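Here is the structure we will look at, set down as C-alpha cells.
The values are calculated or read from the model by the stated rules, or taken from the named source; none is laboratory data. Since we're looking at a predicted model, the values are computed, not measured. Methodologically, a virtual Cβ is constructed for each residue, glycine included, from the backbone with ideal geometry; neighbour enumeration extends over all protein chains shown.
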Amino acid sequence: MKETNKAGCIYRNRRWWCYLLLSIILAAFYLSVLWLGKHPNVGMEYKMYYITHELSDWPGYGGLSYANGTKQLCIGLKNRKGEFITEPVCRTKGTGWSKEQYEGSVNNKDTAYIYYVPKQQNSQSAYHIEVTDFQGNEPVEVYVNDTKVGNFTTAGSYDFQTESITADELTVVKFVTKGSVFTLYSAQLD
Amino acid sequence: MNYIAKKYKENENFALFLKIVFILLVSRAVMLVLMIIYNAYMGTDRSVSFLMNQWDAKRYYYMINHGYTFPPDTDPQANWAFFPMYVILCQIVKLLTFGGIDSYWIGMFVSNSCIVIAAFTAVKYMRCIKARSIKITYMQADNDNSRLERLTQAVRSDNGILLVVLMMAGPYSFYFGSVYTEATFVMFIALFFYMAAKKKYLLAGIMASFASATRIVGCLLVFSLIIEMYMDCNEQPVRLTSIRNFFVSAWKEPKKIVAIMICPFGAFAHMLYLYFFCGDPWAFKNVQIAWRDDEYFPIVGVLWKACTGQIEPRYTYMGWFCVGILILYGYMYYRRYVSLATFGLLSLLVALTSHVMSTCRFTVGSYVAFIGLYDALTNLTGKWRYLKIAILLFFAAAEVWILFMWYNSDSWLM
C-alpha cells in the first residue's frame, strides 16, 4: 500500500485511503444505529411491554387507551377450553400478578399494578373493583397515581373515590399488600 | 453421459459436487420413506411439506409470503425476532418462479441448495487446512519424508465424504431440509471459514455479514476472523510483540480493518430497517420477552438448572447435550481449530445466557460442531474404528428417531 513519489517520499496510495475511509464510514454507521437504539421511537404500549417489561400482557398498539366506565374482567383472553372471552378483558396489568388468570388475577408480589390511559378527563373519578378471594390478615391498600384511595380486607365489591383523572395520560393503579393474597376479578375506572 | 463420466474423472470439483448431490438425494429419500411409515403408523395422510415444516417453519412460510408484520393484539410474538436473509433468498426464488410454487417448497429448495453449497465448501475447507498442515510439517521437518508421505496420503485418502454424510444425514440434520434458517446460516459460515483459510479476508468478512443478516450470532464470526488474521501474521502464541505485529499488519493493510468492520453489517442493516419499521432497532432482542420471561443466572445458572432437572425433562436433555458440545469444542481447541471452536463456543454461550431451549438446533446450525465431530471420527483408526462404526450407527438410529419426533411436532425439537 506504500508507494514512492518522484521526490522519493513514501506516501499511502489511493486504495489505502479508500479502505480507511470505508472503515470510518462503517464505524459511523454502526454508532448511528446504536444511537437510534438508545432512543427508540415507539408507542407507550411497546415501551412498557417489550422494553421496560412493566406490562405483563401485550395489550396491542393503542391497547392502554381506556374508555372511562368500561368494566374489564381481569382474566386471560381465553377460557380453560381455549375459547376467546367475548366481554372486555383487562390487558393492561403490570407486574405483580400470577400468569394463570382463568378465575381472575391473583397477586404474587407485595405490589401489583394496573395501567390506564383514559380517553376522557374526569375531575371526580371513582374506581370499582370486584375481589373474589382474599387470604391473609393485612389489608390491601389501593393507590391511584400514588394517592391512597382506600383498602380492603375481604372478598367483595369496592368503590374508591379518586381525584381527577387526566385524559390521554397514564393513570397507575397500585395494590400494596403486606403478605395478603387476593383475586381481582374485575375493575372499572370512571 | 460419456461427457459427464469424463468430467467426473477429470474434474475434482465436479466429482465432489455429484457425490454431495447423491448423498443429499439418498438422505432425502430416506426421509420420504420414513414419512410413508409415519403416516401408515399414525393413520394420518399428511403431506411432505406439512411433515417437514413444523414450529417456526410456519412463521418463515408466513414471512416469505407477507414479510414482516406488526403483532396482533392477541399475540406479542412478533416475527421481527427472525432475521431476514433466508426469507429474502426465498422471496427472490419465489419471484423467479413468478410466485407459482408454494412457499414451503421454495423454502425447502433454498435450504437444500444452501446445504449442498455448505457441504461442498466444508470439504474444500478441510482439504485446504490439511494441505496447509502438510506444508507446515514439511517446512518444520523436511528430512522426515516418511511422515510427510503419510500426511499426503491421509489427505488423498480422506475425501471428506463422512463430513458430507454428517451434514446431510447426521442427528438434527433434518433442519437443513426444512423451512428454517439453519442451512443458509451454515452455508455462510462454511464460506466464511473457507475464505479465511484462503486468506481472502474481505470476502470472509462479507460472508460473515450475510451470516449476521441470517442470525444475530453471525456477528460473532468477527472474533474468528481476528483469530485467523492474528494466526496468519504470527506463528507465536499471544504475546505483546505478536499483538503489536497484528495491529501493524492491519494498519499497513486497511483492507483487513474493512474485513473486520464489515462482519456485523448485516445485523446492523436489519437493525436500521427495524428502526424505520417499528421504531426500535433492538426490536429483535426486545421481542424475546414474548417467548419466555423466566430468568436464570446466565450460562452457569442455566446449565445447572437444566442439567439437574429443575426445569423440564427436555431441557435436562438439552443441558447435557450442551455439556457434550462444550467438551467437543474443548477437543477442537486441543486440535488447534481455534477460530472454529471460538465461534462455536461463543455462539453456544450467547444462547446459554437466557435458556437451553433450541440449543440442539443452534449447535447444528453453527456448523463448527460438524468439523469437530468429523475430525474426531476420522481420528478413530486402527482398533478404534469399531467405536467409529458404533457411533455412526448410533447417529443413524438417532436421526431416524428424531425425524419421527419431528414429524410428530414434538416440542423437544422446537
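Residues of segment B:285-317 being part of a helix (DSSP H, G or I), away from chain A (no Cβ under 12 Å) and either touching a residue at least 60 places away in the same chain (Cβ under 8 Å) or surrounded by fewer than 16 Cβ atoms within 10 Å (Cβ to Cβ) (or both), which ones? Give the derivation first.
Going through segment B:285-317, the residues part of a helix (DSSP H, G or I) turn out to be B:285-290, B:300-307, B:313-317.
From the residues that got through so far, the ones that are away from chain A (no Cβ under 12 Å) too are B:300-307, B:313-317.
Listed by number, the residues that qualify are B:Val300, B:Gly301, B:Trp304, B:Pro313, B:Arg314, B:Tyr317.
Regarding A:Phe152, is this residue farther than 18 Å from A:Lys71 by Cα, over 21 Å from the mean Cα position of the chain (by Cα) and surrounded by 12 or more Cβ atoms within 10 Å (Cβ to Cβ)? First the steps, then the outcome.
Numbers: farther than 18 Å from A:Lys71 by Cα: yes; over 21 Å from the mean Cα position of the chain (by Cα): yes; surrounded by 12 or more Cβ atoms within 10 Å (Cβ to Cβ): yes.
When the stated conditions are applied, A:Phe152 passes them.
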task = Determine which member of the set B:Phe83, B:Phe98, B:Phe70 is under 21 Å from B:Val287 (Cα atoms) and over 27 Å from the mean Cα position of the chain (by Cα).
result = B:Phe70
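In this structure, is B:Val179 under 27 Å from B:Leu403 (Cβ atoms), at pLDDT 60 or above and out of contact with any Asp or Glu (no Cβ under 9 Å at 6 or more places or on another chain)?
On the way: under 27 Å from B:Leu403 (Cβ atoms): yes; at pLDDT 60 or above: yes; out of contact with any Asp or Glu (no Cβ under 9 Å at 6 or more places or on another chain): no.
Taking the combined requirement at face value, the residue does not satisfy it.
Can you pull out the residues in segment B:230-267 that are within 14 Å of chain A (Cβ to nearest Cβ), in contact (Cβ under 8 Å) with a residue 12 or more places away in the chain and in a helix (DSSP H, G or I)? Can you show your working first?
Going through segment B:230-267, the residues within 14 Å of chain A (Cβ to nearest Cβ) turn out to be B:247-267.
This time we only want the ones that are in contact (Cβ under 8 Å) with a residue 12 or more places away in the chain, so: B:249-250, B:255-256, B:258-267.
Once the filter is applied, which keeps residues that are within 14 Å of chain A (Cβ to nearest Cβ), in contact (Cβ under 8 Å) with a residue 12 or more places away in the chain and in a helix (DSSP H, G or I), segment B:230-267 yields B:Ser249, B:Ala250, B:Lys255, B:Lys256, B:Val258, B:Ala259, B:Ile260, B:Met261, B:Ile262, B:Phe265, B:Gly266, B:Ala267.
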message = For segment B:55-75, give me the residue count where each residue is surrounded by 20 or more Cβ atoms within 10 Å (Cβ to Cβ) and within 14 Å of another protein chain (Cβ to nearest Cβ).
response = 1
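Here's a check for you: in segment B:269-278, which residue that is of a type outside the set (Gly, Ala, Ser) and touching a residue at least 24 places away in the same chain (Cβ under 8 Å) is nearest to the other protein chains (Cβ to nearest Cβ)? Spell out how you get there, then give the answer.
Taking segment B:269-278 and keeping what is of a type outside the set (Gly, Ala, Ser), we get B:270-278.
With touching a residue at least 24 places away in the same chain (Cβ under 8 Å) added as a condition, the list becomes B:270, B:273-274, B:277-278.
Values: B:His270: 10, B:Tyr273: 10, B:Leu274: 9, B:Phe277: 11, B:Cys278: 7 Å.
Selected residue: B:Cys278.
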message = Testing B:Pro281 on (1) assigned to a helix (DSSP H, G or I); (2) at the interface with chain A (Cβ under 10 Å from one of its Cβ atoms); (3) under 30 Å from B:Val356 (Cα atoms); (4) touching a Phe, Trp or Tyr at 6+ places or on another chain (Cβ under 8 Å), one condition comes back false. Which one is that?
response = (1)
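Looking at B:Ala396, B:Ala369, which is the one that is part of a helix (DSSP H, G or I) and surrounded by fewer than 16 Cβ atoms within 10 Å (Cβ to Cβ)? Explain how you work it out, then say what you get.
Values: B:Ala369 fails: surrounded by fewer than 16 Cβ atoms within 10 Å (Cβ to Cβ).
Being part of a helix (DSSP H, G or I) and surrounded by fewer than 16 Cβ atoms within 10 Å (Cβ to Cβ) holds for just one of B:Ala396, B:Ala369, which is B:Ala396.
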task = Determine whether segment A:125-135 contains at least one residue that is part of a loop (DSSP other than H, G, I, E, B) and surrounded by fewer than 20 Cβ atoms within 10 Å (Cβ to Cβ).
result = no
